[in-house]
Structure formats: C-alpha cells, structure tokens
Amino acid sequence: MLGGVGVEQSVAMGAFLLRRLTTLIPVLAGVLTAVFLLIHMIPGDPVEVMLGEMAMPSDREALRHELHLDEPLLMQFGRYVRGISQGNLGVSLHSGRPVREVLAERMLPTLLLTLSAMGVALSIAFPLGLLSAIRAGTVVDHGAMIAALLGVSMPHFWLGPLLLLVFSVNLGWLPLGGMEGIDSFVLPAITLGSAMAAILTRMIRASLLEVMDREFVRAALAKGLSRWQVLVRHVLSNALIPVITVIGLQFGALLAGAIITETIFSWPGLGRLTVEAIQTRDYPVVQGCVMVICLGYVCASLIADICYAAADPRVRLR
C-alpha cells in the first residue's frame, strides 16, 4: 500500500514537472524573438561604431556584408534561430570572439554577486520577519515595517552611489569597485539585496500571522507548548510555503537587477557586459546576455515551483 502511494506521488511529480517544462518553451521563444526585434530597432549602426564616422563607404559595406547585416531582418532572424538550435550564439561584432566564451567569463561574477545578495536578504528578512510577527502591533513591529518600507523605496541607482560615497570615499573601508576580494562583495551585495530583504520581511510577517491564527496553532498552545516551540514546529513549516515561491521569483529578479548594480560598482558580470554591448550595438552579445538572464529567471522559478510542490502535494494535482 505504501509502495503504491509512493508511485502515485512520483507520477504526480513527474507530470507536474512535464507541465512546467512545457510552458517554458513558448516563454523562452517569445523572449528571444522580442529581444532580437527590439535590439535591431535601437537607433545606431554597429558598423559605424566599429569603423568610426570617417570610414569609407566601401569599407562599411564590406564589413556589413561580412557580418550579414545587409541581409533582410527575417533572414538574420532565421540565422539566429539556427545558431541557437545548434548551440552557437554567434560571434561578438566588437571583439570577434565567440559569444559563448564572452558569456562564460562573466557568468560566475554575476552568479556570485546574486548569491551574496540573496544571503544578505535572507539574513535580514527572516529574523526581522519573525520578530515582527511575534511582536505584532508593538513598537518593534512598526519599526521593522518602516525599515522594510525604506528598503523597498531606495532604488539601486541611488543606494549604490550613497554607499560608495560613505564607506569607500569618505571612510575608505571598502574598495570603490571591481571584484578583487571578499570585501568587494559587501557594498554590491547590500545594494542588490536590500530591496529583496524588505519584500521578504513583509511577506514572512504576513505569512506567519496568517498561520498563527489557525486552529491547530491555538490547539498546540492550549496543550502547553511555548510560543517558540509552536512557531518552530508548526508555524514555520506551513508559513514558508508561499515564501518559497517569492524567493524563487526574487532570485530571478536579482539577476535582472544586477545590470544597474554591476554598472555602479564596475562589476565584471553579465549586467555590465549587457550595458557595454548595447552601447557598441553588439547584437549577438546583447541577445546572449538577455537569453542567459531569462534562463536564470526561468530556472529559478522552476526550482521554486518544485520546492513548492514538494512542500505542498496539492500543487501537483492542479
């Protein structure tokens, strides 16, 4: 009997994963198509950027033909799709290197920064959210919510330069930018993780308060368990189910938000590479960067859904 239940659960989880993977295909296809069209609509000529305004018209036409930029847009899109299907993202128009190599060099710094920002957000949000829920309606709760509101209200392009001005320029405690050591992670991680910490704090507080009002919690308290015992044994396991989804979505948002943060702190990651590629009209690199960021977002969402389904079997049956 137990074996049959285990098989049914495995089948249900497999069907759930298959449905989620199937929905990812049109999402990725739509994103890649939109990025290709938008990047080609941006004003500016990559050939002019590469050769300069004083280049001869014949040289421009020769380079444009070599890069296949003189072909109709539909043919360029077909070439792009064929390349992706074969695992070939093209060649950088600016450096002449394969896009895969350029992306591989920049992916690790972005991933490390994103994980650092996630660590900062979780280390702030969980204690603050727990304390706020336990002390609901008190001065502690109001103070935590004000801090969360401030965290959401401070944009990266304002908080990053402020932290640099205070801790790098005035105090000289931390480096101005770059990725040179552990201390270089501090300011970018705080800048990138502050907004997520604020969102998670409010989410954890609301989820805990919702679960703490249920009948089984009051029954556990009536049996003589302390408030902390009930919180750890019964409340957290139920309250964290919706938080898992939010963490997964926010992790993907961190990848996209790293573009501004990496530019501010001269971080050698995908975000800064994206900005540089847009400035030089390097179409293949821009398309590759957006594709990687989109894949990261989708994978983070998929992992969150898997964790959500594992924690709540009802999700697999929907």
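Just so it is clear, none of the values below were taken in a lab; they were calculated from the coordinates. For clarity, every value in this text was computed on a predicted model and none was experimentally measured. Methodologically, a virtual Cβ is constructed for each residue, glycine included, from the backbone with ideal geometry; neighbour enumeration extends over all protein chains shown.
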- request: Return the label of the correct value of volume of the Cα convex hull per residue in Å³, as calculated from the structure shown, out of (1) 174; (2) 120; (3) 183.
  value: (3)
- line: Relative to the chain, whose Cα atoms define the longest principal axis, helix 2-41 and its Cα axis are tilted in degrees, nearest 10, by 40 degrees
statement: A correct fewest-to-most ranking of Met54, Met41 by other Cβ atoms within 10 Å would be Met54, Met41
- request: Taking the Cβ of Val298 as the centre, find all other residues whose Cβ is under 11 Å away and add up their charges (Lys, Arg: +1; Asp, Glu: -1).
  value: 0
query: Over the stretch 108-317, what relative contact order in percent results from Cα pairs under 8 Å that are six or more residues apart?
result: 26 percent
field: Distant alpha-carbon pairs in the stretch 61-158 (separation over 19 angstrom), percent
entry: 66 percent
- prompt: Non-local amide H neighbours of Val91 (under 5 Å, H modeled in plane, Pro and chain starts lacking H): which ones?
  reply: Val99
message: Which of Glu105, Glu66, Glu215 has the fewest other C-beta atoms within 10 Å, and how do the rest follow up to the most?
response: Glu215, Glu66, Glu105
query: Per 5 Å bin from zero, what fraction in whole % of the C-alpha pairs of the stretch 174-260 is there, up to the bin with the longest pair?
result: 3, 12, 18, 15, 13, 11, 9, 8, 6, 3, 2, 0
- request: Kindly express, to the nearest 10 degrees and within the range 0 to 90, the angle between helix 186-212's C-alpha long axis and the longest C-alpha principal axis of the chain.
  value: 40 degrees
statement: Taking Cα atoms, the helix 283-311 axis meets the longest principal axis of the chain at an angle in degrees (rounded to 10) of 20 degrees
